[in-house]
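Here is the structure we will look at, set down as structure tokens.
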Amino acid sequence: MTDRVDELRAGLAAVHDRVTTACAAAGRDLDEVRVIVVTKRFPASDVDLLAGLGVTDVGENTEQETRAKYAEVAARPTLTVHFVGRVQSNKAARIATVADVVHSVDRAKLVAGLDRGAEQAGHRLGVLVQVSLDGDPGRGGAPADEVLAVADRVAEAGHLDLRGLMAVAPLAGDPRAAFARLRETSERLRRSHRAAGWISAGMSADLEAAVAEGATHLRVGTAILGSRSSLG
Ligand SMILES: *Cc1c(COP(=O)(O)O)cnc(C)c1O
């Protein structure tokens, strides 16, 4: 039987190779692209193994799982925890206390709760505005024409740092064309918020397309940790 640490090491190496190849194809430097390892539904023990392998950025998608898991993760102080799931209004403040960065802010209504939670936790919270690339409100994200207004509200909040934009590729169609639209929205955002240069895009299936369109942060789960469907 293979040790879990060997599986994780192999997963990280395979993704590192893919990112290296994608950066070379796009003429980008490898250090422009950061991999966030999405550990949702995997145990705290995996997070500690990943930290031991040099991982510094992890992603989660529910407040409850994040709170419970990181109470057990010994390496928590060395990690940046990115929240990438839907943010319910009544959970915004609690998410702000358990995460360091929230990628999925898609409406101005969330800003007050996030700001309050960050203040209570005594830290600054990084925020990305999630952009809808498919017009399906059920999958989250602000319509492109509302993104700047949400970003302005985030930037005005006392304990939030506006970092940039996040998106999930549409279920159908060419992810690269969708990520190209995200890049255009990012260019518009940076005219009024110069420091908000993060583009969080690309998952296990489409990270090459995201690198080609300027992604700065990839959110990769399955390709590193294996399938979540085998978990109970
Ligand atoms: C689960 C998840 C990911 C990782 O997806 P994989 O296909 O496992 O790489 C990335 N982003 C978001 C928003 C997710 O919910």
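The values are calculated or read from the model by the stated rules, or taken from the named source; none is laboratory data. Keep in mind it's a predicted model, so treat the numbers as computed, not measured. In this analysis, Cβ positions are derived from the backbone assuming ideal geometry, glycine residues included, and neighbour counts consider all displayed protein chains. The accessibility values were calculated without ligands, DNA or RNA, using every heavy atom of the protein model including side chains. Shrake-Rupley method; radii C 1.70, N 1.55, O 1.52, S 1.80 Å.
Assorted remarks:
- The stretch 1-92: equivalent-ellipsoid semi-axes (sqrt of 5 x gyration tensor eigenvalues, Cα, Å): 25, 19, 11
- Neighbour net charge for His217 - beta-carbon separation under 12 angstrom, K R +1, D E -1: +1
- Listed by chain and number, the lysines placed with their C-alpha closer than 18 angstrom to that of Lys69 are Lys40, Lys91; residues fewer than eight positions away on the same chain are left out.
- Residue of Leu160, Leu171, Leu133 that the Gaussian network model of the chain assigns the largest fluctuation, springs spanning Cα pairs under 10 Å: Leu171
- Of the solvent-accessible surface of the chain, computed with a 1.4 Å probe over protein heavy atoms with every protein chain present, carbon and sulfur atoms account for 50 percent.
- Whole-angstrom Cα spans of the stretch 35-76 along principal axes, big to small: 26, 20, 14
- Its Cα gyration tensor gives the stretch 131-205 an equivalent ellipsoid; the semi-axes, largest first and in whole Å, are 22, 13, 11.
- Converting phi to 3J(HN,Hα) with the Karplus coefficients 6.51, -1.76 and 1.60 and the offset θ = phi - 60°, the stretch 71-76 yields 5, 9, 7, 5, 7, 3 Hz in sequence order, with x at every glycine or proline.
- For the stretch 8-16, backbone phi angles converted through the Karplus equation (6.51, -1.76, 1.60; θ = phi - 60°) give residue-by-residue couplings of 5, 4, 5, x, 4, 5, 5, 5, 4 Hz, Gly and Pro being listed as x.
- Taking all protein chains into account, the per residue accessible area for the chain stands at 46 Å² (1.4 Å probe).
- Over the stretch 94-205, Cα pairs under 8 Å with separation of 6+ residues give a relative contact order of 25 percent.
- Taking Asp57, Asp31, Asp46 in turn, the Gaussian network model of the chain (Cα-Cα springs below 10 Å) assigns the largest fluctuation to Asp31.
- Two-decimal Rg to Rh for the stretch 1-55 - Kirkwood Rh, Cα set: 1.04
- Amide hydrogen neighbours beyond the local backbone of Ala196, cut-off 5 Å, H modeled: none
- Prolate/oblate/rounded label for the chain (Cα gyration tensor, a/c 1.5): oblate
- For Asp57, the residues whose amide H sits under 5 Å from its own are Val37, Thr80, ignoring neighbours fewer than 5 places away on the same chain, with H placed 1.01 Å from N.
- Near the amide H of Gln130, within less than 5 Å, lie the amide hydrogens of Val105, Asp106, Ala142, Met166, all on another chain or at least 5 residues away, with H placed in the peptide plane.
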